[in-house]
Every structure is written in C-alpha cells, then in structure tokens.
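Working notes for the structure below.
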Amino acid sequence: MQVRRLIAGTVVPLAVTAGLVGCNSGDSAKTDPNGVVSIQISEPQHMTPSDSNDASGIQVLSALYAPLVSYDESFKPVPDAAASIDSKDHKTWTIKLKDGYTFHNGEKVTSQNYIDAWNFAAYGPNAQNNGYFFSRIAGYGATQVDNTKDPDGPDGPEKAPPPKAKTMSGLKKIDDLTFEVTLSQPFTEFETVLGYSAFYPLPKAAFESEGVLKKDFESAPIGNGPFMMNGKWEHDAKVEVAKYDAYPGAKPKVGGVEFRIYLQPSAAYADVLSDNLDVIPQIPTESIPTAPDDLGDRFQRSSASQFQFLAFPTFEQDFAKPEIRKAISKAIDRDEIVRSVFKGSQQSARSFVSPVVAGYRENTCGDACVYDPQAAKALYEAQGGPDKIQLTYNADGPHKDWIDATCNQLSANLKIQCTTVPEAKIADLLDKVEEKKNVGIFRLGWTMDYPSMESYLGPLYSSTGSSNYYGYSNSQFDSLVAEGSAASTPEESIDKYQKAEDILASDLPVIPLRFAQNNYGFSTRVQDVEVDLFSRINLNKIEVLGN
C-alpha cells in the first residue's frame, strides 16, 4: 500500500505527525524501567480477541497479544509473531511462526493455537462479534447456523439445526510452527488483515473442552504479547497488566500499565492535569481550546484513522426510507460544528472511508452531505419524516457537546423535536443496538482494523458485517466488496470498493460527519507518548520518568 494523505487538522505527512511525540524532559531524562503508566480507557464490551471490537478492549488486547503482522510507515504489513506469510495465488496462504513465543502461562505458541482460536471465532453458535473476519476461509459456511426456517410456521418458530461442521476445512496444520490457510476465493489483502486483533491465538488453557471457551477467560486473558494480566479485569474500574519478561519481541520500557476506566472524560482530563493519570488518548472536546495552556508541550496531536458518524436503525419504519435519511443529513452543518465545537481540530467528512487509505475520494456522499436546510425540510416533510427524533450517544466518550449541537440543528432546520439520550458506556450502547432496542439514531465511531478501504466497508455495511449495527443490507454492495477482495491487483480492488462506496451514498445507512485526529495529553511523569493511526498508545515507546 502507498502512503496516504493523513489528518492533522490540515492533512500532513505521517513522518511529520509521528515527530510530534511528547518528551517532557528530553532524551537524557532518567527513566524508571519498572514504573507503571496509567492510561484512560472506557469500559470494554469484551476482552476476548474473537469478541472484542471496541477501541478500549482492543487497546488492552494489543498489550496482551502479539499480532501476526504489524505495519511499517507505508502501511505495508511486516512480520511480527509470524516469520513469513506467503502465497502464490492469493488463495492458499502458508503462515510460518517465529519460534520462541510462549503464552503467559508458559505454553509454547504453536500453529494449533491459531487454528483453535480461529475455529472458535468462526463457529456460528459461539456468536462472536469478530466471526465475520473468518468468512473468507474455506469451510466457513459449514460452521454457520441455518436461519432459513420459517419463524411464522403453524407451530411457531422452529429451532435452527446445528451447523454442519465445527471447524473450517480451510485451516490445516503443517507442523508446530506452520499452518496453511485456504480461502474460498483469492484475497490479495489477506496478509494485511492478519494484523487485526481477531486473529490472535488462544492457549489450550483458554478452553473448557474442545471448542468450548472457559466462561471467565476474558476476565483474565492469557496472551502471547509483551504484557500479561496482573489480576483480573475490574469492571468499571481498571485492567492492570505487567511486563512479560519471557516475551521474545521488542521489550516495553515500562514495568506495567494500569488501564483506568473512566465514565466521564472530563474526570480523566482533570486527573491528567493533577498528575493523577498519565495519559488521556482523547482530550474532551470542551477542553481542547485550553489544552495548550493547560499542558504546554504535553498536549499533542497526531493523525488518526477514525471516522465519526450517525447511524440509522434502518429496520425501524421511521428511518426505512433513504430519502428521510438524506433529509436529516442535509440538515446538519458539519463545518459549523467543526468550527464551533471542535475549534478546527477535526475535519468534516463527506465520504465513507478515511483519507489515510488508498482509494479515498473527497465528497463521495454527494448531495446527501450538502448542507441545505430549506431543501432538507422540504424533503423531510414530503417523505413523512417523524415529528420526534432521538440521538443516543455514549457518555464515556467526548461526545455530548457535538451531539447537542447536532440535535439543535435538526430541531431548528427540520422543525421537529430532537432529544439527546446518553448511555453511560459504549458497551451499554452496543449491547442495546445489537438487541435492536429503540435508541433512535445513534452515534458511532470507527477506527480501521487494517489499512484498506475494505476495513471501512465490509465490517460496517456488509449484510453479515461484524459491526453492521443498523440492519443495512444491499446484495449489490455485498457483491462489489467481495469482488474487490478477490481482485488480482490493488488497483482493481480499489475500483470495486469505490463502486461499493457509491452505493452507500445512495442508500445512506449512516451519516458521515467527521474524520478525527488524536488530541491527547499526558502527565509530567511520562515521556515519549505516541498515539498511532489506530488511536492506540504505543506501549513500546512510552517511558516513566525516574526521580
């Protein structure tokens, strides 16, 4: 993949942004290699690799696990826990693991650990959030539940039969350090995808019996990464990890991390100011104007891949019509919110993929994202839009101000009643939308799992997408994404993905709002703080200052 344009208020090269790393005492400062750094997160929804798809859960998992691949400065995948990943036809892939990796309980990491983890993730009855990511592997379909039974039959809903298979035929162990993955069709970016947390391995100790995960595993996950759990996940309080001395990869420069769970971002910011918290990855919106004075050079900005949007429950009658969704989008003045609420620290979005990936085009949303309150009101009334709208957001993120501003615009421009409803935690919001509870239009953000347009399209909008929380389904869109995945060159893939994005502009299951950047801050106790494109703290660079 080539270097893409990156976001930093205005778009700047990664090399420049990566240089804006905080170092409050200089490289000569004395550091404490056994010091523990505290980092703000939200309450994760899950902490099993196959089930965790929220940013906070993935941040913790990235400390506990080593990925098969990481990415260089040009976003090309480079081996990490893998020694090599090869394919002659982009359909059959041979993955060789580096020797010397162990799980935190002492188990040697083998190819079987990956096969077991991936089969568990894919098996339909396990209902894992990240099961979708294994759908390209041959035999995935046989592991899925057949939901075609008629729910309205004379005897009521029928129980779906179990899947035909518990494991995928496309996974084959060659030896303890080698396994083969056969896809159902070629996928040129398969190696790139393998950097995502869904593809982490699981130890034998994770399983109660063959294919059955221990119920309490996610309370203290056993990984193969640079840090190991220090105690159990204390819900709504913290997750503590300690450096794993037997890790054969790059060693962190701190002795441990306390991932501290906050329900209010403002409380986290206050703790950074008083040196009671070391890192806040995203400064609350209302504090951004004062952050340079509050923190000095401990306030930093870096490029991010995050895409902020409002999602429609398309399965509800109020929002079933694309025209109503378009009217709501046209009633939102994105630029004004960026100016007044974010003080220019974000970038208005009128596309469905981030500028950081190859294939990005400006204004793919077209007329639906053009602010025109008069046209919006006329279209809304002509299509019978609801008199009342609810916007739901998670209060453990910095969203209240912009959600309120958006709601005020909708009230004024559509002449309707708009209310905002906070959910205490992102985990609570995701649980409700998964259960199709009535939350109205809801706020979501998306950070790429891997550097590709497909990461913004497949998981979010495919009919079986892992993060399609809005019930959107378009068979033509699905086909184009699949064709892009199977294309023989990156250029051909991008062409298909762009055609799929054009369908989103017509159907508008979500409203693009902003491309974010990382606005972060840290205490006087730490240096070399870096937040990457995935909006994660680089735990290999951060250091705790000594006395």
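Neighbours of F477, meaning other residues whose beta-carbon lies under 14 angstrom from its beta-carbon, give a summed charge of -4 when Lys and Arg score +1 and Asp and Glu score -1. When E423, E336, E491 are compared by accessible surface with a 1.4 Å probe, the order from highest to lowest is E491, E336, E423.
Coupling constants for region 481-488 follow from the phi torsions by the Karplus curve (6.51 cos²θ - 1.76 cosθ + 1.60, θ = phi - 60°), and in residue order they are 5, 5, 5, x, 5, 8, 4, 7 Hz; glycine and proline get x. Whole-Hz Karplus values for region 277-288 come out as 9, 8, 9, 10, x, 9, 5, x, 3, 5, 9, 4 Hz, taken residue by residue from phi with 6.51 cos²θ - 1.76 cosθ + 1.60 and θ = phi - 60°; glycine and proline positions read x. Only helical runs count toward this figure. For the chain, summing -39,500 (n - 2.57) over DSSP H runs of n ≥ 4 and dividing by all residues gives -7000 deg cm²/dmol at 222 nm. Once label points are set 7 Å from the Cα along Cα→Cβ at both K437 and T290, what is their separation, rounded to one decimal in nm? Those two pseudo-labels are separated by 3.4 nm. Amide hydrogen proximity for W93: with H placed 1.01 Å from N in the peptide plane, the residues at 5 or more positions away or on another chain lying under 5 Å are V181, T182, L183. Given the Cα atoms of the chain, and with Rh set as the inverse mean 1/r over their pairs in the Kirkwood sense, what is Rg to Rh to two decimals? That ratio is 0.95, to two decimals.
The accessible area of V370, taken with all protein chains in place and a 1.4 Å probe, comes to roughly 70 Å². Based on protein heavy atoms only, the chain ends up with 39 Å² per residue of surface accessible to a 1.4 Å probe. The string of couplings for region 232-239 from the Karplus curve (6.51, -1.76, 1.60, θ = phi - 60°) is 10, 4, 9, 4, 6, 10, 6, 10 Hz, one whole number per residue in order, with x for Gly and Pro.
Distance from a point 7 Å along Cα→Cβ of K215 to each backbone N in region 107-136: keep the residues under 19 Å and list them by number. From region 107-136, the list is 125-128. What the Cβ-Cβ distance of E362 and D502 gives, at R0 = 22 Å and to the nearest 0.05, is a FRET efficiency of 0.95. Gain on full extension, evaluated as 0.36 nm per residue between D175 and S340 minus their Cα-Cα distance, stands at 53.5 nm. Note on V257: accessible area approximately 0 square angstrom, rounded to 10, probe 1.4 Å, nucleic acids and ligands left out. Under a 5 Å amide H cut-off, with hydrogens placed 1.01 Å from N, F207 pairs with K214 among residues at least 5 apart or on other chains. Counting Lys +1, Arg +1, Asp -1, Glu -1, what net charge surrounds S340 among other residues with beta carbon under 12 Å of its beta carbon? It works out to a net charge of -3. Length gained on full extension, K88 to K388, computed as 0.36 nm times the residue gap minus the Cα-Cα distance: 102.4 nm. Counted by Cβ distance under 14 Å from A331, the other residues give a net charge of -1, where Lys and Arg count +1 and Asp and Glu count -1.
When a 1.4 Å probe is rolled over the protein heavy atoms, the share of accessible surface on the chain that falls to carbon and sulfur comes to 48 percent. Spin-label model, S70 to K30: label points 7 Å out along the Cα-to-beta-carbon direction sit 2.9 nm apart. Backbone amide hydrogens, once placed in the peptide plane, bring K98 within less than 5 Å of A82, A83, excluding anything fewer than 5 places away on its chain.
The values are calculated or read from the model by the stated rules, or taken from the named source; none is laboratory data. Treat the numbers as computed from the prediction; the structure is a model and nothing was measured. Backbone-built Cβ (ideal geometry, glycine too); neighbour counts: all protein chains shown. Heavy atoms of the whole protein, side chains included, go into the accessibility calculation; ligands, DNA and RNA do not. Shrake-Rupley method; radii C 1.70, N 1.55, O 1.52, S 1.80 Å.
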